[in-house]
1. List every residue pair whose Cβ atoms lie under 9 Å apart, where the two residues are 6 or more positions apart in sequence or sit on different chains, the first residue falls within segment 5-16 and is modelled with pLDDT of 90 or more, and the second residue, located anywhere, is of a type in the set (Asp, Glu) and part of a loop (DSSP other than H, G, I, E, B).
2. For Ala105, work out the one condition from (1) outside any helix (DSSP H, G or I); (2) closer than 17 Å to Leu160 by Cβ; (3) modelled with pLDDT of 90 or more it doesn't fulfil.
3. Any residue in segment 222-251 that's more than 16 Å from Leu205 (Cα to Cα): show its pairings with residues that are among the basic types (Lys, Arg) and assigned to a helix (DSSP H, G or I) at Cβ separation under 9 Å, as long as the two are six or more apart or on different chains.
4. Give me the residue from segment 125-146 that is assigned to a loop (DSSP other than H, G, I, E, B) and hydroxyl-bearing (Ser, Thr, Tyr) and, out of that set, modelled with the highest pLDDT.
5. Take segment 239-253 and flag every residue that is surrounded by 12 or more Cβ atoms within 10 Å (Cβ to Cβ) and more than 18 Å from Glu118 (Cβ to Cβ).
6. Hey, among Ile151, Ile236, which residue is within 20 Å of Ala114 (Cα to Cα), under 23 Å from the mean Cα position of the chain (by Cα) and at pLDDT below 85?
7. Is it the case that segment 88-105 has a residue that's surrounded by fewer than 21 Cβ atoms within 10 Å (Cβ to Cβ) and more than 28 Å from Arg40 (Cα to Cα)?
8. If I ask for residues that are farther than 26 Å from Glu31 by Cα and out of contact with any Gly (no Cβ under 9 Å at 6 or more places or on another chain), which ones from segment 99-127 would you list?
Amino acid sequence: METLKKTENIIAGRYRLVAPLGEGAFGTTYEAEDLTNYKRVAIKILSLRAATNWKMLELFEREAKVLANLNHPNIPQYLDYFHIDTPEDRRFYLVQELVAGESLADLVQKGWHANEEEVKNIAKQVLKILKYLHSWTPPVIHRDIKPQNIIRQSDGKIFLVDFGAVQDVYRNTLIKGSTFVGTIGYMAPEQFQGVAFWASDLYGLGATLLFLLTHRNPEELPAKRLKIDFRSRVQISSEFADWLEKMLEPAVEDRFPSAGKALARLSKLQLRQLQIKQPMGSRVVVKETNGDLRLDIPPTGWKTGIIVLPVFGSFLGFPLVFSLAALVSGQFVSAIAILLLTSPLGIIGLLMWAGFFWAIAGKTRLEINLDSFSLQRILFGWKFSTYRGKTLYLQQVEREIDANSKNNQATLALWERDKKHCFGSTLTKVEQEWIVAKITHFLQRERKQL
């Protein structure tokens, strides 16, 4: 595919090309700047002169048509589609929201090793996207689920990109076609025959998850009668291996019948693996009544090294004492001078004292009932931070590992639609997993009664 030689070109008097992002089978994608609002966008370009056949143009136009109808928080937003004619060529342009992050392929290439929990989290997010796509009539089938087409942001949020191989919602997606699209190693066997079902996307996702676990293209792994033999190559629970094996069944009828079914099975699997019984030694206080759940997460308490906070806090804040003494004695000029010179250090000292008091006396309270939920920070009985929302909008709670942390530090993330509320970072891994199971079980039980 031909790429533009000058990335500073301005397209349609509006989009200034900044740098190439990647080159695919059906076009080259650039990072660009929208000169009307100075926002960065992704613009995909297909040259008619460089196209090897008309099928490439058909797929490019189909991608634009499908994206224009989709509206999902984990799919980059469609912005524009147009073409420009020149004496030598006709170029087609597809403009989308630019998503920050890195593809799973790039992350693995840089040495990222996802653990079982992280792989499950990616699987759940992609399954939710596929559930949305497959809910169209007829279903939208991506047909090219692979590590390069899944973007992961630093907070763990996933985006599905590159719909160049998609079967659109205006055609019968279940009839055998002439287009052979997909990527070897991630294509379901039926795609080699020009056929794609919604379960074909499940196979692509399963192969992608296997790549994360093995750092190998699934095509390179041993197989028996098209069935990939991966169990000796991964270190995951047997239950998750069973689930992954079903995703990778060669026969379409042996896979999960839908993304929703695969998601439900994975969620149940996670619940079974977690102990809902409170871990030994945990100081979290739980109060559960009919239709109401309250969790009080206690302060960290006195630990080695915490004495550093008040010691250094006092040292940094000591000049404020001189300022106060000068003020009391009537030396206003001296008091103001000392205050101006030492206020930054004094503020740091006060913050260190605040951290000390929070560590020994601050607690977090989460309350959930059928109608609403609240997340409160409490210090010496004073509720200085309270957030309230509707329980109806709660989607899930999960243990989220900080990708930038060297010691796998994790926090609990309570998702309210697209809004994330974090808490419980001082808890142990076992406590965090127990709270995830406790809240998930409570929400599922109470919603069944509605």
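The values are calculated or read from the model by the stated rules, or taken from the named source; none is laboratory data. The shown structure was predicted, so the numbers you read here are calculated from the model rather than taken from an experiment. Virtual Cβ from ideal backbone geometry, glycine too; neighbours counted across all protein chains shown.
1. Between residues of segment 5-16 that are modelled with pLDDT of 90 or more and residues that are of a type in the set (Asp, Glu) and part of a loop (DSSP other than H, G, I, E, B), the close pairs are Arg16/Glu8.
2. Answer for Ala105: the failing condition is (1).
3. Final answer for the pair search is Pro222/Arg233; Ser238/Arg231; Glu239/Arg272.
4. The first filter runs over segment 125-146 and keeps only residues assigned to a loop (DSSP other than H, G, I, E, B), leaving 135-140, 142-146.
Going one step further and asking which of them are hydroxyl-bearing (Ser, Thr, Tyr), we end up with 135, 137.
Values: Ser135: 90, Thr137: 79.
The residue in question is Ser135.
5. The first filter runs over segment 239-253 and keeps only residues surrounded by 12 or more Cβ atoms within 10 Å (Cβ to Cβ), leaving 239-252.
Hits for segment 239-253 are Asp242, Glu245, Lys246, Leu248, Glu249, Pro250, Ala251, Val252.
6. Numbers: Ile151 fails: at pLDDT below 85.
None of the others qualify; the one that does is Ile236.
7. yes
8. His113, Ala114, Asn115, Glu116, Glu117, Val119, Lys120, Lys124
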